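Engineer: Just passing along the structure, written as structure tokens.
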Amino acid sequence: MKNIREVVECAARKNPGKEFLFYKDQKFTYEEFDRCINQVANGFLKLGIIKGDRVAVMMVNCPELVFIWIALNKIGASFAPINTAYKALETEYIINNSEAKMIVVDLSLAEIVQKVRDNCPALKNVIVVGEHALEGTNLFSEIINGMAQDLVETEVDYYDEASILYTSGTTGNPKGCVEQHSYYLIAGEVYSKMFQLSPDDRVLTPLPYFHMNPQILTTMGMLMVGGSMVMLDRFHPSTWWSDILRYRATFYHYLGVIPAMLMGLSESEEDKKLHPTRGLGAGVPRQIHGVFEQRFNTKLIEVFGMTETGLNFSTPSLGTSEDRKIGTGCFGRPYPGYEAKIVDEYDKAVPPGTTGELVLRSTDPTNPRRGFMREYYNNPKATREAWHGGWFRTGDFCKMDHTGMYFFVDRKKDIIRRSGENISSMEVESAIISHPAIMDVAVIPVPDPVRVEEVKAYIILKPEYTPETVPPHEIIAYCQERIAYFKVPRYIEYRKEFPRTPTNKIQKLLLKKEKNDLSEGSYDRQKDGRFKKMRFK
């Protein structure tokens with residue numbers, strides 16, 4: 001198959017009456033799923049969207065979101081999803097960087113788009129999904145109303161652009177990964193084969209569709225094998241296991257924060273009565289991996305993948321705890337079709353057991369980028385740097401043992417990993433330094449047993465201010481108005497000066513090593529009653 005349209009339509013022909021998509025009390029057969037997509041695609045064509053156009057989408061998980069994504073790909077347009085936690089400036093950046101001609105947005109988020117649309121010269125239409133439109137926008141339901149359920153053919157090639165997926169970088173602004181139809185087809189095939197998925201499987205995901213995981217794995221994988229998928233609006237700890245039972249899920253996806261939160265629930269006799277299932281994810285806290293599996297009668301299969309590279313590694317999906325080396329940071333071996341090695345600062349391969357940077361490429365001698373992103377959009381310098389020496393540089397410090405198993409050690413990039421979100425410390429610093437009382441700031445990660453990492457800001461105030469005149473809660477509130485909730489610091493510590501290099505760069509490594517417990521002596525937002533009701537996950 002050469003594009004996403006062919007995958008969907010082939011699956012619909014083979015399984016017309018089989019239930020494919022479950023969401024809350026809604027369900028769609030393969031045939032219904034395909035017809036809904038076609039109606040949306042015809043609505044987009046009526047609005048003037050053509051092959052090569054890009055459409056931004058800012059929506060929470062729901063069936064319409066999946067219809068919109070695939071409808072765009074069926075007509076050769078590109079899907080540019082936006083994190084639903086983003087504020088106005090972050091949203092404006094994605095719209096402009098992607099050169100989106102149109103945006104589809106949930107009614108609950110439409111005011112954010114309204115604030116910035118005049119600053120987005122390429123943006124021609126704003127489509128609202130909800131009960132009513134806003135001034136100057138169109139209503140999604142009215143656009144698709146009466147549209148045909150058949151769709152004219154559009155020539156879409158294997159290597160045509162399917163999406164721009166944004167990932168945080170160390171430069172402060174997200175980078176747009178240009179993904180081709182091949183990226184989706186290759187990842188879906190790898191996923192379904194490596195985990196031996198079948199038409200009898202039902203995969204449940206709570207992960208948001210502005211991330212690649214539910215797109216390239218859950219949706220594409222199930223379409224390819226004729227299985228079913230269960231979409232949750234988000235992760236709900238209290239109903240997680242009951243949802244798995246309700247939908248008869250055989251497989252689920254997780255981020256490391258999910259097992260950590262579930263372990264915090266009160267133990268119940270029902271824990272081990274659950275149907276045996278397998279979970280696929282990354283970043284489960286090492287100390288709870290084995291305990292979690294025993295308590296809930298399940299297996300957590302750790303994997304490695306990136307927005308830039310697709311899905312590349314996993315531990316044995318059917319192996320024992322010893323085979324999977326649980327609790328060690330092991331993420332397994334490369335999948336067939338991918339080649340990996342660990343290199344030092346001079347790009348020389350290091351021996352087993354030695355820590356270095358993980359680099360990847362395809363084993364296809366004619367196309368080492370097969371299955372990877374095409375490029376960082378409008379950022380040739382970052383693209384060249386990422387592919388230096390013909391290998392994709394992951395920016396992660398890892399090591400390999402003598403059996404060929406790979407282990408995560410630490411991140412090379414200046415990224416904070418909180419509850420599955422990649423946070424650029426520079427982006428948080430930029431928001432904080434704009435406060436008129438702040439002279440300098442340094443943001444670092446603080447290890448956390450639930451979130452993996454939390455955000456800490458070291459702050460130097462201007463001479464005329466003090467921690468009493470500019471208290472930490474004021475800085476938190478200031479950040480909350482400017483950056484997404486998951487980027488807002490949890491910890492704040494005031495300082496008089498920073499350790500610096502001879503070229504005046506802040507030595508963050510020394511800040512990280514100053515204390516065994518980096519939260520010690522810090523203001524903790526989580527303990528401040530003023531923020532109890534605010535949405536800080």
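Engineer: From the list GLY329, GLY305, pick out the single residue that is within 20 Å of VAL409 (Cβ to Cβ), touching a helix residue (DSSP H, G or I) at 6+ places or on another chain (Cβ under 7 Å) and among the small types (Gly, Ala, Ser). So that I can check it myself, show each step before the final result.
Structural biologist: Values: GLY305 fails: touching a helix residue (DSSP H, G or I) at 6+ places or on another chain (Cβ under 7 Å).
Residue meeting the stated conditions: GLY329.
Engineer: Shifting gears a bit: In the range 434-442, is there at least one residue being of a type outside the set (A, V, I, L, M), crowded, with 17+ Cβ neighbours inside 10 Å and either within 29 Å of LYS87 (Cβ to Cβ) or touching a Pro at 6+ places or on another chain (Cβ under 7 Å) (or both)? So that I can check it myself, show each step before the final result.
Structural biologist: As a first pass, look at the range 434-442 and keep what is of a type outside the set (A, V, I, L, M): 434-436, 440.
Keeping just the survivors that are crowded, with 17+ Cβ neighbours inside 10 Å gives 435.
Subsequent filtering for residues that are either within 29 Å of LYS87 (Cβ to Cβ) or touching a Pro at 6+ places or on another chain (Cβ under 7 Å) (or both) retains 435.
Yes, there is a match, as at least one residue in the range 434-442 is of a type outside the set (A, V, I, L, M), crowded, with 17+ Cβ neighbours inside 10 Å and either within 29 Å of LYS87 (Cβ to Cβ) or touching a Pro at 6+ places or on another chain (Cβ under 7 Å) (or both).
Engineer: For the range 341-356, enumerate the residues that are modelled with pLDDT of 95 or more and touching a Cys at 6+ places or on another chain (Cβ under 8 Å).
Structural biologist: Matches in the range 341-356: ILE342 only.
Engineer: Now for a different question. Of everything in the range 434-462, what is within 21 Å of the chain's Cα centre (by Cα) and not β-branched (Val, Ile, Thr)? Give them in sequence order.
Structural biologist: Answer for the range 434-462, where residues must be within 21 Å of the chain's Cα centre (by Cα) and not β-branched (Val, Ile, Thr): PRO445, PRO447, ASP448, PRO449, ARG451, GLU453, GLU454.
Engineer: Can I ask one more? Do you know which residues across the range 97-126 are in contact (Cβ under 8 Å) with a residue 40 or more places away in the chain and in a strand (DSSP E or B)?
Structural biologist: Listed by number, the residues that qualify are MET102, ILE103, VAL104, VAL105, ASP106, ASN125.
Engineer: Which members of the range 68-91 meet the condition of being part of a helix (DSSP H, G or I), free of Cβ contacts under 8 Å to residues at least 40 places away in the same chain and over 19 Å from the mean Cα position of the chain (by Cα)?
Structural biologist: Listed by number, the residues that qualify are ALA71, LEU72, ALA88.
Engineer: Could you please find all residues in the range 1-31 being of a type in the set (D, E, K, R), without any contact (Cβ under 8 Å) to a residue 12 or more places away in the chain and not in a strand (DSSP E or B)?
Structural biologist: Across the range 1-31, the qualifying residues are GLU6, ARG13, ASP25.
Engineer: Can ILE94 be described as modelled with pLDDT of 95 or more and either outside any helix (DSSP H, G or I) or in contact with a helix residue (DSSP H, G or I) (Cβ under 8 Å, 6 or more places away or on another chain) (or both)?
Structural biologist: No.
Engineer: Within the range 336-451, which strands (runs of 3 or more DSSP E) (wholly inside it) include 2 or more residues that are farther than 27 Å from TYR93 by Cβ and assigned by TED's automatic domain parsing to the domain that holds GLN526?
Structural biologist: Correct list: 438-448.
Engineer: If you don't mind, there's one more thing I want to ask. One residue is enough: does the range 60-70 have a residue meeting the conditions in contact with a Cys (Cβ under 6 Å, 6 or more places away or on another chain), modelled with pLDDT of 95 or more and not assigned by TED's automatic domain parsing to the domain that holds GLU421?
Structural biologist: The initial filter retains those residues of the range 60-70 that are in contact with a Cys (Cβ under 6 Å, 6 or more places away or on another chain), namely 67.
Then drop every residue that is not modelled with pLDDT of 95 or more, which leaves 67.
Narrowing the set further to residues that are not assigned by TED's automatic domain parsing to the domain that holds GLU421 leaves 67.
Yes, the conditions are met somewhere in the range 60-70.
Engineer: So if I check each of LEU204, LEU107, which one is surrounded by fewer than 18 Cβ atoms within 10 Å (Cβ to Cβ), assigned by TED's automatic domain parsing to the domain that holds LEU217 and over 28 Å from SER425 (Cα atoms)?
Structural biologist: Unique residue meeting the criteria: LEU107.
Engineer: Something else now. Output the number of residues of the range 361-409 satisfying the condition of being under 21 Å from ASP160 (Cα atoms), out of contact with any Ser or Thr (no Cβ under 9 Å at 6 or more places or on another chain) and of a type in the set (A, V, I, L, M, F, W, C).
Structural biologist: Total meeting the criteria: 1.
Engineer: How many residues does the range 44-61 contain that are crowded, with 24+ Cβ neighbours inside 10 Å and in a helix (DSSP H, G or I)?
Structural biologist: Qualifying residue count for the region: 1.
Engineer: Name the residue that is nearest to the chain's Cα centre (by Cα), counting only residues in the range 296-321 that are under 29 Å from GLU267 (Cα atoms) and not in a loop (DSSP other than H, G, I, E, B).
Structural biologist: Top of the filtered list is VAL303.
Engineer: Shifting gears a bit: Just for the range 300-316: of the residues that are of a type in the set (Ser, Thr, Tyr) and in contact with a Gly (Cβ under 9 Å, 6 or more places away or on another chain), which one is farthest from ASP396 (Cα to Cα)?
Structural biologist: Residue satisfying both the conditions and the ranking: THR315.
Engineer: Pick from the range 500-518 the residues that are in a loop (DSSP other than H, G, I, E, B) and modelled with pLDDT of 90 or more: which of them is surrounded by the most Cβ atoms within 10 Å (Cβ to Cβ)? It would help to see each step written out before you state the result.
Structural biologist: Initially, the range 500-518 is screened for residues in a loop (DSSP other than H, G, I, E, B), giving 501-505, 507, 514-518.
Then keep just the ones that are modelled with pLDDT of 90 or more; that gives 514-518.
Details: GLU514: 12, LYS515: 13, ASN516: 6, ASP517: 9, LEU518: 19.
Ranking the qualifying residues of the range 500-518, first place goes to LEU518.
The values are calculated or read from the model by the stated rules, or taken from the named source; none is laboratory data. Given the structure is predicted, the values throughout are model-derived calculations rather than measurements. Counting neighbours? That spans all protein chains shown, and the Cβs are built from the backbone with ideal geometry, glycine included.
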